[in-house]
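Please find one structure pasted underneath; my questions will follow.
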Amino acid sequence: MSAVYEPIGADDHPALNTDGRQLLYDLVSIPSVSGEEAEAAAQLAAFFEANGRETFIDDVGNVHAPGDDTVLLTSHIDTVPGDIPVEIKEGTDGPELWGRGSVDATGPLASMAVAAVKTGASFIGVVGEETSSRGARYVVETRNEPDAVINGEPSGWDGITLGYRGYVAGTYVATSESGHTSRPDPNAIQHAIAWWNRVEETFDPDEWMPVFEQVTTKPVGFDGGVSSDGLSMEAIVDVQLRVPPNRTIDEVRELADAQLETGTVNWKEPIPPVMTNPRTPLARAFRVAIRGEEGDPRLLRKTGTSDMNLFAAEWNCPMVTYGPGNSDLDHAPDEHLPLADFDKAVNVLITVCERMGVGQ
Amino acid sequence: MTEAECVECGAELSLHDDLEAGEIIDCGTCGAELEVIDTEPPVLDRAPELEEDWGE
């Protein structure tokens, strides 16, 4: 006998008139900042159990609902920080759910949970996407490859994302002997600035080329000054490089390293770029399903990174990223999702699973 | 084998029998990418172009 799903965020609002909308509201109501996903994970697992699906939570906190591996539906449970009051407001196209995660990516997550229950497709809610992607990394290390993957992130209910740039982050560290600042010799901070200027020149932006096809550079942290013992000058710079599919992580890292004259860079675990084909059966099923909901399908490639990069690095099956919501609202203080878009995304996902042969 | 007209250049296209909705085909004359909107009868339209977007 199935367990009973207990809504935790019920406010008797008339717009919460489907199981899916209620699940979405509940999951958005539970804070689930990266590293603190356990309560939301338990609620998600309860939804599957109430619908007769076996579930388990793995060693890193991912929620699994094993099913028909013709399609694996997977999205992330965690959100970035941000306290946005959870409420339903009347928008231009009907009721909207406001709250952290409504777009990135609890909307995609809940729509996939509903579609998985309706069709029997496999499902995994992963943790830690907004930080280290530890959930997705664990999945590809421990799970067999499915026949197709639909990764959840906001593409808009009428769009699918086919590609993401890769990402590599590093920390530059240099030291120099301390000395009077009237001396002409460059100190560690000057070495750091000079290195970074050379890296930026190496990957000089081309205004005529799409950003997706370029390496872009971004310093994200800078620390330095005289060391605590007063004997040396230090400089520490945290940097990020975004890598297009036509370049490799190794190539980009080597070009940045080649600009070093003083100091070293400690590179962190990279995320490779991904670009999938719009002619796969999976992408085709999405176009048909979106048109079936009277949408005009959009094909997207994104300049950021998602867990699809990690899935594509290990698995060769067709994959796309999909989910309701305007990605301009990712991490934003006015994050909100029209509930009509959520409903359409559920319908699109169900149609796609059925066209791919889930349950047959 | 059925035929349809390229919406881009007007050339006649010979379509294979197991055409599927959502399929993308190329016009052999102008090179345009065309999407099969319907199969009976065949309806073609320009395939969506790849757009660039920010973020995740």
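Rounded, prolate or oblate: pick one for region A:286-360, where a ≥ b ≥ c are the square roots of the eigenvalues of its C-alpha gyration tensor, a/c under 1.5 means rounded, and failing that, prolate if a/b is larger than b/c, else oblate.
It comes out oblate by the Cα gyration axes.
While we're looking at this one, here's another question. Report the FRET efficiency, 1/(1 + (r/R0)^6), for A:SER232 and A:THR202, where r is their Cβ-Cβ distance and R0 is 22 Å, rounded to 0.05.
Details: r = 28 Å, r/R0 = 1.28.
Between A:SER232 and A:THR202 the formula returns 0.20.
Could you order the peptides A:150-162, A:170-182 from most to least packed, using the average number of other C-beta atoms within 10 Å per residue?
Output ranking for A:150-162, A:170-182: A:150-162, A:170-182.
Using +1 on the beta carbon of Lys and Arg, -1 on that of Asp and Glu, and nothing else charged, what's the dipole of the protein assembly as shown about the Cα centre, debye to 20?
Computed charge dipole of the protein assembly as shown: roughly 700 debye.
Could you tell me whether the protein assembly as shown comes out rounded, prolate or oblate from its Cα gyration tensor? Rule is a ≥ b ≥ c as square roots of the eigenvalues, rounded for a/c under 1.5, then prolate if a/b exceeds b/c, otherwise oblate.
oblate
With labels modelled as points extended 7 Å from the Cα through the Cβ direction, what inter-label distance (nm, one decimal) is found for A:GLU87 paired with A:PHE222?
4.1
Further question on the same structure: Can you pull the percent of Cα pairs in region A:1-96 with separation above 18 Å?
Working: 2427 of 4560 pairs.
Every Cα pair in region A:1-96 considered, those over 18 Å come to 53 percent.
Quote the charge dipole size of region A:92-151 about the Cα centre in Debye, to the nearest 20; the model charges only the Cβ of Lys and Arg (+1) and of Asp and Glu (-1).
Dipole size: approximately 200 debye.
For peptide A:183-195, what's the mean number of Cβ atoms from other chains within 10 Å of each residue's Cβ? Walk me through the intermediate numbers first.
Working: counts 0, 0, 0, 0, 0, 0, 0, 0, 0, 0, 0, 0, 0.
If you average over the peptide's residues, the count of other-chain Cβ atoms is 0.
Given a 10 angstrom Cα cut-off, can you work out which residue in A:LEU337, A:LEU97, A:LEU260 is the most mobile in a GNM of chain A?
In the Gaussian network model the winner is A:LEU260.
With r defined as the distance between the Cβ atoms of A:LEU255 and B:CYS9 and R0 fixed at 60 Å, what FRET efficiency is calculated, to the nearest 0.05? Kindly include the intermediate steps, with their values, before the conclusion.
On the way: r = 42 Å, r/R0 = 0.71.
Plugging the Cβ-Cβ distance into 1/(1 + (r/R0)^6) gives 0.90.
For the protein assembly as shown, with the dipole built from +1 on Lys and Arg beta-carbon atoms and -1 on Asp and Glu ones, taken about the Cα centre, which of A:SER132, A:GLY82, A:THR119 lies farthest toward the positive end?
Value: A:SER132.
Would you mind checking the radius of gyration and Dmax of region A:166-267 based on alpha-carbon positions, in Å?
According to the Cα coordinates of region A:166-267, Rg and Dmax are 15.2, 50 Å.
Using alpha carbon centroids, what distance separates region A:112-173 and region A:329-360, in Å?
Measuring centre to centre over Cα atoms gives 15 Å.
Between A:GLU141, A:GLU234, A:GLU293, which gets the highest mean-square fluctuation from a Gaussian network model of chain A, Cα cutoff 10 Å?
It is A:GLU141.
At a temperature of 25 °C and a viscosity of 0.890 mPa s, determine how fast region B:2-46 diffuses translationally according to Stokes-Einstein, using the Kirkwood radius over alpha-carbon pairs as Rh; express D in µm²/s, rounded to the nearest whole number.
My calculation gives 242 µm²/s for D.
Taking the highest mean first, how do the peptides A:279-289, A:243-253, A:339-349 order by number of other beta carbon atoms within 10 angstrom per residue?
With the highest mean Cβ count within 10 Å placed first, the list reads A:339-349, A:279-289, A:243-253.
Rounded to whole Å, give me the distance from the Cα center of region A:28-64 to that of region A:177-204.
Between the Cα centre of region A:28-64 and that of region A:177-204, the gap is 48 Å.
Put a dot 7 Å past each Cα toward the Cβ at A:VAL33 and A:TRP267; how far apart are the dots in nm?
Result for the modelled spin labels: 3.2 nm.
Report the one residue of A:PHE56, A:PRO205, A:PRO146 whose Cα lies farthest in the direction of the positive end of the charge dipole of chain A (charges on C-beta: Lys and Arg +1, Asp and Glu -1; origin at the Cα centre).
A:PRO146
Under the definition of partner shielding as Cβ atoms of other protein chains within 10 Å of a residue Cβ, what is the mean value for peptide B:41-54?
So the per-residue partner count for this stretch is 5.
Quick check on chain A: helices-only [θ] at 222 nm, where DSSP H runs of length 4 and up contribute -39,500 (n - 2.57) each and the sum goes over total residues. Nearest 500, please.
Per the formula, -9500 deg cm²/dmol.
Something else: Answer with one residue from A:THR181, A:ILE160, A:LEU231: the one whose Cα lies farthest towards the positive end of the charge dipole of chain A, charges on Cβ with Lys, Arg +1 and Asp, Glu -1.
Value: A:ILE160.
Moving on to the next point. Kindly state, to the nearest 0.05, the FRET efficiency for A:ASP328 paired with B:LEU19, given R0 = 41 Å and r defined as their beta-carbon distance.
According to the calculation, E is roughly 0.65.
Laboratory data are not the source of any read-out in this text; all were calculated from the coordinates shown. If you're wondering where the values come from, they're calculated on a predicted model, not measured in any experiment. So basically every Cβ, Gly included, is an ideal-geometry build from the backbone, and we count neighbours across all protein chains shown.
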